[in-house]
Amino acid sequence: GNSSGGANEAWRGVGEEMESAAEAHRVWGIALSEQLAKPLR
């Protein structure tokens, strides 16, 4: 019914939030590792 549809929409939103957060975290990790590696070169 309508309640399950609302739950599906909510989960879809959560999934997208987690996906974008994971991508941002990955980008930050790459940037930080680049900064940390510079003095070692």
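Read-outs: derived from the displayed coordinates by stated rules, not from any lab. What you see is a predicted model; the values in this text were computed from it and never measured. As a convention, Cβ positions derive from the backbone with ideal geometry for all residues, glycine included, and neighbour counts pool all protein chains shown.
Once every DSSP H run of n ≥ 4 in the chain is given -39500 (n - 2.57) and the sum is divided by its residues, what mean residue ellipticity at 222 nm do you get, rounded to the nearest 500 deg cm²/dmol?
For the chain, the value works out to -32000 deg cm²/dmol.
Just to confirm the number: angle between the C-alpha axis of helix 2-37 and the first principal axis of the chain, 0 to 90 degrees, nearest 10?
In the chain, helix 2-37 runs at an angle near 0 degrees to the longest axis.
Using label points projected 7 Å from each Cα along Cα→Cβ, tell me how many nm separate S20 and E34, to one decimal.
2.2 nm
Return the equivalent ellipsoid semi-axes of the chain as a descending list in whole Å, where each equals the square root of 5 times an eigenvalue of the C-alpha gyration tensor.
After diagonalising the Cα gyration tensor, the semi-axes are 40, 4, 4 Å.
Note down the net charge around A24, summing +1 for each Lys or Arg and -1 for each Asp or Glu among other residues with Cβ under 15 Å from its Cβ.
-3
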